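First the structure, in the form of structure tokens, and then the observations on it.
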Amino acid sequence: MNEKKRKLLRTLSMASAGTGFVLALAVAGTSDFRDELQYADEETRNYHEKRIISQQTETLLSGAALLALAGGCAGLFLTEKQR
């Protein structure tokens, strides 16, 4: 692999891993917020449950985060310079 392709793949891999990390943080925050809503009053709970993503979408988002992280890590390992 020539240096130009390696550098491009490494940059794309870092972007993929970073995106996966941000998605994973979003999923974790949504899950924590959903858990916290159980202690809120009925009106507040109904308001926020209408505005946050569904649990089904949350599961899909966590899968996308895992794929992006795995793809980014694989790309970084593949572009590692051999001695």
Of the conditions (1) over 30 Å from GLU3 (Cβ atoms); (2) open to solvent by 40 Å² or more (accessible area, probe 1.4 Å), ALA70 fails just one. Which one is it?
(1)
The condition from (1) of a type in the set (S, T, N, Q); (2) surrounded by 14 or more Cβ atoms within 10 Å (Cβ to Cβ); (3) at pLDDT below 95 that SER16 misses is numbered (3)
Taking only pairs six or more apart or across chains, which ones have beta-carbon atoms under 7 Å, a first residue in the range 66-83 that is at positive phi and touching a residue at least 24 places away in the same chain (Cβ under 8 Å), and a second residue that is surrounded by fewer than 13 Cβ atoms within 10 Å (Cβ to Cβ) and outside any helix (DSSP H, G or I)?
none
With the structure loaded, tell me whether THR11 is assigned to a helix (DSSP H, G or I), open to solvent by less than 100 Å² (accessible area, probe 1.4 Å), under 15 Å from GLY75 (Cα atoms) and polar (S, T, N, Q) or whether it fails that test.
yes
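Here is a yes/no grid of residues against (1) under 13 Å from the mean Cα position of the chain (by Cα); (2) more than 30 Å from GLU3 (Cβ to Cβ):
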position: VAL27; (1), (2): yes, yes
position: PHE33; (1), (2): no, yes
position: TYR39; (1), (2): no, yes
position: THR44; (1), (2): no, yes
position: ARG51; (1), (2): no, yes
position: GLN56; (1), (2): no, yes
position: LEU60; (1), (2): yes, yes
position: LEU78; (1), (2): no, no
position: LYS81; (1), (2): no, no
Would you check if LYS4 is exposed (fewer than 13 other Cβ atoms within 10 Å of the Cβ), of a type in the set (Lys, Arg), out of contact with any strand residue (DSSP E or B) (no Cβ under 8 Å at 6 or more places or on another chain) and part of a loop (DSSP other than H, G, I, E, B)?
no
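Condition first: outside any helix (DSSP H, G or I) and either aromatic (Phe, Trp, Tyr) or at positive phi (or both). Can you find one or more residues in the range 30-43 that meet it? Show your work before the answer.
Keep residues of the range 30-43 that are outside any helix (DSSP H, G or I), which gives 38-41.
Narrowing the set further to residues that are either aromatic (Phe, Trp, Tyr) or at positive phi (or both) leaves 39.
Looking for residues that are outside any helix (DSSP H, G or I) and either aromatic (Phe, Trp, Tyr) or at positive phi (or both), one finds at least one in the range 30-43, hence yes.
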Matching residues in the range 19-54 - criterion: being open to solvent by 100 Å² or more (accessible area, probe 1.4 Å) and in contact with a helix residue (DSSP H, G or I) (Cβ under 7 Å, 6 or more places away or on another chain)
PHE21
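The values are calculated or read from the model by the stated rules, or taken from the named source; none is laboratory data. Small disclaimer: the values here were computed from a predicted structure and weren't measured. Backbone-built Cβ (ideal geometry, glycine too); neighbour counts: all protein chains shown. Ligands, DNA and RNA are excluded from the accessible area calculation, which covers all protein heavy atoms including side chains. Shrake-Rupley method; radii C 1.70, N 1.55, O 1.52, S 1.80 Å.
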